[in-house]
Amino acid sequence: MESFGSAPAMLEHALHRFPKKMWQYKASPDHPSIHDTVWYLADNEVMEYVSCRRLIAEPGSSPIAHDSAVWSRGLGYFYQDVKAAMEIIRTLRRVTYSLLKTLPQAAWTSSADFATHGRLSLDEWLTSRENHFPDYIQRMERIHSGWMEAVPSQKNLILTRRTPPIVNFAP
């Protein structure tokens, strides 16, 4: 439960590792950027917020599904502010975490059918959410690696900063 609550901080920490100038980088037009990924996570957080609340309030109801690629194109992630996406993630995760902490034990057996996972209890849903942010942070790391390979001057610039200057002792 604690890692669920701290996931937004983990994401925020990860984002600080990537230069902002590369957040829009895409290996190809159909691949997500880090910017797209953060907005996907924000939209997904909204869907999960609703799914969790429905699972608790209306056991057996079907959660809402969405196609992330369609949403990315249709909602213009490129033009939306990542700070706003992070605020959505932080706020909804905090509210969901607070709710989950107050639930009686009986609520954890409530279940619903999820398109991607099948029938899950609230407890199983929480477990399925455990690796969601770490998985997407790994994807962001692969995007960053791709950017480093695609833009060799960036790699050289970073290596130059880390390499001490060579002193020429020749007269």
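Quick look at the numbers
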quantity: Top-ranked residue of the range 104-135 - restricted to ones that are over 10 Å from C52 (Cβ atoms) and of a type in the set (A, V, I, L, M), ranked as surrounded by the fewest Cβ atoms within 10 Å (Cβ to Cβ); calculated: A106
quantity: Residues within the range 77-100 that are closer than 16 Å to S33 by Cβ, in contact with a Phe, Trp or Tyr (Cβ under 8 Å, 6 or more places away or on another chain) and either among the small types (G, A, S) or surrounded by 17 or more Cβ atoms within 10 Å (Cβ to Cβ) (or both), tallied; calculated: 3
quantity: Residue tally, condition among the charged types (D, E, K, R) and in contact (Cβ under 8 Å) with a residue 60 or more places away in the chain, over the range 1-16; calculated: 1
quantity: Odd one out for D123, checked against (1) assigned to a helix (DSSP H, G or I); (2) modelled with pLDDT of 75 or more; (3) in contact with a Lys or Arg (Cβ under 9 Å, 6 or more places away or on another chain); calculated: (3)
quantity: Candidate set from the range 30-56 (those that are closer than 23 Å to G5 by Cα and of a type in the set (G, A, S)); member that is modelled with the highest pLDDT; calculated: A42
quantity: Residue list for the range 57-102, restricted to those being touching a helix residue (DSSP H, G or I) at 6+ places or on another chain (Cβ under 6 Å) and at pLDDT 90 or above; calculated: V82, A85, I88, I89, R90, L92, R93, T96, Y97
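For every residue, the table says whether it meets (1) under 18 Å from Q138 (Cα atoms); (2) surrounded by 13 or more Cβ atoms within 10 Å (Cβ to Cβ); (3) of a type in the set (F, W, Y).
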{"position": "M1", "(1), (2), (3)": "no, no, no"}
{"position": "H16", "(1), (2), (3)": "yes, no, no"}
{"position": "K21", "(1), (2), (3)": "no, no, no"}
{"position": "Y25", "(1), (2), (3)": "yes, yes, yes"}
{"position": "T37", "(1), (2), (3)": "yes, yes, no"}
{"position": "Y49", "(1), (2), (3)": "no, yes, yes"}
{"position": "E58", "(1), (2), (3)": "no, no, no"}
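The values are calculated or read from the model by the stated rules, or taken from the named source; none is laboratory data. All values reported here derive from a predicted model rather than from experimental measurement. Don't worry about glycine lacking a Cβ; one is built from the backbone with ideal geometry, like all the others, and counts go over all protein chains shown.
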